[in-house]
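Trainee: Shown below is the structure under consideration.
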Amino acid sequence: MTNPSQQTATTQGAGRALVPSRQLLDEARREGRAIAALNFYNAETLRAHVKAANECGASVILQTTESTIKYLGIRLVVAMARAAAEELERPVALHLDHGASYELAARCVEAGYTSVMIDGSKLPFDENVGVTRRVVELAHAAGVSVEGELGHVAHNEEGGDISRFYTRPEDALRFVEATGVDALAVAVGTAHGFYKGEVRLDFGRLEQIRDAVGYAAALVLHGGSGVPDELMRRAVSCGIRKINFGTELKNAFTLAVKRSLSASDEIDLRKTFAPAIEAVREVSSAKIRICSLL
């Protein structure tokens, strides 16, 4: 198994290796900012993220869900991310977003991901700790960072009062100490997908979680798409070190492709996708700047 911690990253971009996300998150903490974690789904969205990161002069975390792994194939995903790392001016990590099982996390570690998430948030506390700790033991032995989740970041489709899913500050440090995770996704009011009403974040709860966890793990905000800029900036000031973006990226790409197809009978996909790459680049750049508090 390749150990990412043993790979040598240059400072010039060419030949740069993917790095563990913990490296990027620790740097973000020292500088009081966050890292934008950008989902990619194909070569075009990845190309957009590369352009945006270099434009902003920032590190990013490139991430895929299991669905994208099934769509592209895990070897192609890793090869694409490694190629992107060579073009990026700043260090970059490849992260598994919302890994649903130990087996999937193990596949990603073996394939060359430098960061994995194991999402046991729907499990009872002790079971969540158990599966997360197993992934940590496997991943850390290979120099790979691990993100867990405590509380449950709901989907907007679930409806109802999502505060029932919020992370309890008193459990946060206990979870981090029991598992050894590098990052912890917390539930403080965000949700996956498009928001149907006003976004309200529980900043008091977030500050309590930050104070409880301290430097033991970086705090992560899922469901960043659609959250007003001022709320994301405040979340960063309250201790969030990684914000995930997916829905807005897919939406920007899809709308741009639809416009391209409706505007002409062009069949050259490179011309059809060019406006979509630009649309995603604009969104990615904006999110990177927000995370950097620019």
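Taken together, the values in this text are just the output of simple stated rules run on the coordinates, not laboratory data. From a predicted model like this one, the values you see are computed outputs, not experimental measurements. Positions of Cβ are generated from backbone atoms using ideal geometry, with glycine treated the same way; all protein chains shown enter the neighbour counts.
Trainee: Taking neighbour Cβ counts within 10 Å as the exposure measure, how do 98, 49 sort from fewest upward?
Mentor: By the 10 Å Cβ count, ascending, the order reads 98, 49.
Trainee: Given an 8 Å cut-off on Cα distances and at least 6 residues of separation, report the relative contact order of the chain as a percent.
Mentor: 21 percent
Trainee: Shifting gears a bit: Would you mind working out the magnitude of the charge dipole of the chain relative to its Cα centre, with +1 at each Lys and Arg C-beta and -1 at each Asp and Glu C-beta, to the nearest 20 Debye?
Mentor: 420 debye
Trainee: Moving on to the next point. Regarding the chain, what whole-number volume in Å³ per residue does the convex hull of its Cα atoms give?
Mentor: That works out to 126 Å³ per residue.
Trainee: Student exercise: in the stretch 4-291, how many lysine pairs 8 or more apart or on different chains have Cα atoms under 24 Å apart?
Mentor: Lysine pairs meeting the criterion: 20.
Trainee: How far apart, in nm, are the 7 Å Cα→Cβ label points at residue 29 and residue 203?
Mentor: 2.2 nm
Trainee: Could you tell me the calculated FRET efficiency between residue 87 and residue 122, based on Cβ-Cβ distance and R0 = 51 angstrom, to the nearest 0.05?
Mentor: Computed FRET efficiency for residue 87 and residue 122 comes out at 0.85.
Trainee: Right, here's the next one. Residue 255 to residue 79: FRET efficiency via 1/(1 + (r/R0)^6), r the Cβ-Cβ distance, R0 30 Å, to the nearest 0.05?
Mentor: It comes to 0.55.
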